[in-house]
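Engineer: Shown below is the structure under consideration.
Laboratory data are not the source of any read-out in this text; all were calculated from the coordinates shown. These numbers were taken from a predicted model, which means no experiment stands behind them. FYI the Cβ positions are ideal-geometry reconstructions off the backbone, even for glycines, and counts take in every protein chain you see.
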Amino acid sequence: MKDNRATKGFSLKDQLFNVDKICYLSGLFEAADADFDGVQFQESVMAQLPALELKARISMIAEVLEQHLSSDFEIAATQILAALPAELDPGKTDDDFGDFIMAPLGVFVSNNGLEYLETSLALLREMTKRFSVEFDIRYFLNAHPVATMDALKQWAKDPNYHVRRLVSEGTRPTLPWGKKIGIAVHEPLGFLDDLHHDKARFVTRSVANHLNDIAKKDPELVVATLKRWAKLGKQTPEELDWITRHALRTLVKKGDIAALELLGYRAKPEISVSEIQGPTVLEIGAVGVFELAITAVQDEKLMIDYVVDFIKKNGSSRPKVFKLKKLDIKAGETVNLSKSHRFLKDATTFTHYPGAHRMWLQINGQKFGLCEFELR
């Protein structure tokens, strides 16, 4: 079967929010409440939907819901609760995000329920079993930090792993797309202590992402926490190793010595590195091939990245780290490495500018070798 996305252009917003999804959401409310005007709801939403981007579609659907549910939030909460579909499969342990058409319900609660804390928190707990309310809980963390943190403390031990994940995901310091929250980065650590030994990867992935967020503000706290968890021995060594590697990914790219040492990479490896061989002139859009050799004086475990110091529009430069290779090398062994890097033209996420560029290796956080080339 031909993939029409390749010819027509794939649209995530249209996949997640379309007429079929709106009819499905409308049908849930109609089945729960005979007075819900499904036809009018669908017409109101679809009149606005095509012109809006993804996040705006979520907000708009929530606003239309306000016109079709009770103006009394306590009653509206019971209407939403009655309309919720079956919980996500509790037998799964990962990658079960649910249906995005549920997202406007969380927005409805955060828009209208801040003054009804007990009702709202109970509703959000049920809703997250269908689709995560990680963005919406953050409004309650700001408006009612103590009471919301108390609720999350209980939820960290909830039988449903989606509820447990919400405790970590909703309190992340820099949740993508999420509203900034006022709690300090160390405050949710007690939750993570409970959740790091969870059996569900969906939960432990959130824990690792949460630590990665903290690492951007307090690297020492993250390294110390991971060491403490290793001593506790509550999580399996394999899963804790996965959490550790995932949690330290930003610090590793920065060449943080403590993070690399925790992963088993010595800060000062006994190696010699040849000069990086590569083109001296490259056209934007071309592929540059760079080669080098590494010789070990003793057995070493190496985390090898390469860094390109890109020229910015204003003429200054900014280094960007790229992954190259993890390598176990024996004493006296020489390993030849080659890397092809495409300097994309007209990329949507990064623009190349002409000028003198530099490249070097970052091995176990240390700088090795240097080559220069002209990008035209």
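Engineer: Give the lysines whose C-alpha is closer than 19 Å to that of LYS129, dropping any in the same chain fewer than 8 places away, or say none.
Structural biologist: LYS21, LYS92, LYS153, LYS157, LYS199
Engineer: To the nearest Å, what is the center-to-center distance of segment 222-260 and segment 119-173, using C-alpha atoms only?
Structural biologist: Spelled out, the Cα-based centre of one part sits 25 Å from the other.
Engineer: How would you rank LEU54, LEU123, going from fewest to most other Cβ atoms within 10 Å of each one's own Cβ? Walk me through the intermediate numbers first.
Structural biologist: Values: LEU54 16, LEU123 25.
Neighbour counts put them in this order, fewest first: LEU54, LEU123.
Engineer: Taking Rg/Rh (Cα atoms, Kirkwood Rh) straight from the coordinates, which label in [x] 0.98; [y] 1.05; [z] 1.02 is the correct one?
Structural biologist: Correct label, based on the coordinates given: [y].
Engineer: Output the relative contact order of segment 232-376, whole-number percent, from Cα pairs under 8 angstrom with separation of 6+ residues. All intermediate terms of the calculation are to be shown ahead of the outcome.
Structural biologist: Working: 294 pairs, mean separation 41.5, N = 145.
Reported as a whole number, the value is 29 percent.
Engineer: Expressed as an acute angle from 0 to 90° and rounded to the nearest 10, what is the orientation of the C-alpha long axis of helix 19-32 relative to the principal long axis of the chain?
Structural biologist: 40
Engineer: Give me the Å³ per residue figure for the convex hull around the C-alpha atoms of segment 69-262. Display every interim value, and only then the final one.
Structural biologist: On the way: hull volume 21.7 nm³, N = 194.
Spread over its residues, the Cα hull of segment 69-262 gives 112 Å³ apiece.
Engineer: To continue, here is another question. Which aspartates and glutamates, if any, have their Cα less than 14 Å from the Cα of LYS325, not counting same-chain residues under 8 positions apart?
Structural biologist: Result set, ordered by chain and number: GLU291, GLU300, ASP305.
Engineer: With axes computed from alpha carbons, what is the tilt in degrees of helix 201-215 against the longest principal axis of the chain, rounded to the nearest 10 within 0 to 90?
Structural biologist: It works out to around 60 degrees.
Engineer: May I ask you to list the lysines whose Cα is less than 19 Å away from that of LYS217, ignoring any residue fewer than eight positions away on the same chain?
Structural biologist: Qualifying lysines at Cα under 19 Å: LYS179, LYS180, LYS227, LYS253, LYS254.
Engineer: In segment 227-303, what GluC sites (Glu not before Pro) fall in a loop by DSSP, with at most 15 other Cβ atoms inside 10 Å? Numbers along the way, then the final one.
Structural biologist: Working: sites: GLU238, GLU239, GLU261, GLU270, GLU275, GLU283, GLU291, GLU300; in loops: GLU270, GLU275, GLU283.
Within segment 227-303, the qualifying GluC sites (Glu not before Pro) (loop, at most 15 other Cβ atoms within 10 Å) are GLU270, GLU275, GLU283.
Engineer: With the crude spin-label approximation of a point 7 Å out along Cα→Cβ, what separation in nm comes out for SER59 versus GLU291?
Structural biologist: Rounded to a tenth, the inter-label distance reads 5.5 nm.
Engineer: Per residue of the chain, what 222 nm ellipticity follows from adding -39500 (n - 2.57) for every DSSP H run with n ≥ 4, rounded to the nearest 500?
Structural biologist: Details: 17 runs with 166 residues, N = 376.
Only helices count here, giving -13000 deg cm²/dmol.
Engineer: A follow-up question, please. Within 10 Å of each residue's Cβ, count the other Cβ atoms and sort ILE183, ILE271 from fewest upward. Numbers along the way, then the final one.
Structural biologist: Numbers: ILE183 15, ILE271 21.
Fewest-to-most ranking of ILE183, ILE271: ILE183, ILE271.
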